[in-house]
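Asks: Below is one structure. I have some questions about it.
Quick note: the coordinates plus some simple rules give every number you see, no bench work behind them. Note that the coordinates shown come from a computational prediction; the quantities given were computed from them, not determined experimentally. Counting neighbours? That spans all protein chains shown, and the Cβs are built from the backbone with ideal geometry, glycine included.
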Amino acid sequence: MVRIQFSIQLAYDVAPPGADFIFNLHCAHTRHQTLLTEQLQLNQAVASTLFVDPATANRYLRLSALAGPLTLNYSASVDLHHHSAPAEQVPEIPVAQLPPQVLGYIYPSRYCQSDRLGTLAMAEFGALRQGYGRVLAIQDWVRRQVTFKSNTSTSATSAVDTLVDRRGVCRDFAHLMIALCRALNIPARFTTGLDYGADPILGPPDFHAYVEVYLGHRWYLFDPSGTAIPMGFVRMGTGRDAADVSFATIFGGVQSLPPLIQVNAVDDGSGQFMLPQHTALALSTDPGP
């Protein structure tokens, strides 16, 4: 079992007359991700509402902020109980056998234009043996083709743009991998969390985008950017692509500061908790669908 503790601070300067916010930074609840404690603090005395999307289990915080400084502090402690399996034992699921809740993740979406990548996907991966290994080959191909470089993409950058530019951040790697999986009728979704284990040379801790692929009737973790350690990922939101799971959606005039994030894994010395590490095993924290 892995125990992760983290804190997030978001700071904004809200222009008159105020602004509406929808945040997606609360930990998701799953059978393999147990929330132990969490705390939310706002510097403004405004009402807030926390609600759960019944389809995705994403937890959203909604509030209307007054003009002036707005600071949000969220901290939590989470236990991750990973399901693991040998990669060769994790099969792809034929479309005819996919649960209805999963079907939406084989279609093109705003940032993942899988309908434009079918020829490429078949040429590169069509002849490979189906299963976890083929998805791993897609991840590794994206990692080889695209260079991680900060400030090289925008909120409008799509999977096709990343394929052309061959550079981007974790969000762009995720979109391209998802699009290639869907082009092969493999359900894949965009997932947000924190970049546990990222090299400090890439900058301070930040939000992280990774991929979950539906294989063997579970959602398995993949990190196409290769910048963090999947065993330490704490899921916040899942969606078709980044449009569904922005950590902050803002309606109004706002200037923002970079998020301040701290994330640590617990090592109590007793063997009860393990530090996240890279593994060749297939990992899942969601039994699906």
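Asks: Tell me, what HN-Hα J-couplings in whole Hz come from the Karplus equation 6.51 cos²θ - 1.76 cosθ + 1.60 at θ = phi - 60° for each residue of the range 137-151, using x for Gly and Pro?
Replies: Ordered by residue, 3J(HN,Hα) equals 5, 5, 4, 5, 5, 4, 5, 6, 7, 10, 9, 6, 8, 5, 6 Hz.
Asks: Still on this model: Quick one: dipole size for the range 84-244, taken about the Cα centre, charges +1 on Lys/Arg Cβ and -1 on Asp/Glu Cβ, in debye to the nearest 20.
Replies: 180
Asks: Would you work out the Kirkwood radius for the chain? I mean one over the mean of 1/r across all pairs of different Cα atoms, in Å. Intermediate values should be presented prior to the final figure.
Replies: On the way: mean 1/r = 0.0511 Å⁻¹.
Averaging 1/r across every pair of different Cα atoms and inverting gives 19.6 Å.
Asks: Once the mean 1/r over all distinct Cα pairs of the range 225-289 is inverted, what Kirkwood radius in angstroms do you read off? Mind showing how you got there, number by number?
Replies: Numbers: mean 1/r = 0.0638 Å⁻¹.
This gives a value of 15.7 Å.
Asks: Moving on to the next point. Given charges of +1 on the Cβ of Lys and Arg and -1 on the Cβ of Asp and Glu, with all other atoms neutral, how large is the dipole of the range 142-227 about its Cα centre, in debye to the nearest 20? Display every interim value, and only then the final one.
Replies: Details: 9 positive and 8 negative charges, 54 e Å.
That gives a dipole near 260 debye.
Asks: Continuing with this model, one more query. Working out 0.36 nm times the residue gap between residue 130 and residue 164, then minus their Cα-Cα distance, what length gain in nm do you get to one decimal? All intermediate terms of the calculation are to be shown ahead of the outcome.
Replies: Values: separation 34, 0.36 × 34 = 12.24 nm, distance 2.68 nm.
Between residue 130 and residue 164, full extension yields 9.6 nm more.
Asks: Take the Cβ-Cβ distance between residue 67 and residue 22 as r, set R0 to 22 Å, and report the resulting FRET efficiency rounded to the nearest 0.05. Each step should come with its number before you reach the end.
Replies: Numbers: r = 19 Å, r/R0 = 0.84.
With R0 = 22 Å, the Cβ-Cβ based efficiency is 0.75.
Asks: Charges at C-beta only: +1 for Lys and Arg, -1 for Asp and Glu. How large is the resulting dipole of the chain about its Cα centre, in Debye rounded to 20? List each step's numbers first, then the result.
Replies: On the way: 19 positive and 23 negative charges, 93 e Å.
Charge dipole, the chain, about its Cα centre: 440 debye, nearest 20.
Asks: Please compute the modelled spin-label separation between residue 50 and residue 257, points set 7 Å along Cα→Cβ, answer in nm with one decimal.
Replies: So the two model labels end up 2.4 nm from each other.
Asks: While we're here: Using label points projected 7 Å from each Cα along Cα→Cβ, tell me how many nm separate residue 268 and residue 9, to one decimal.
Replies: In this crude spin-label approximation the distance works out to 2.9 nm.
Asks: Expressed as cubic angstrom per residue, what is the convex hull volume of the alpha carbon set of the range 84-244?
Replies: Numbers: hull volume 17.2 nm³, N = 161.
That works out to 107 Å³ per residue.
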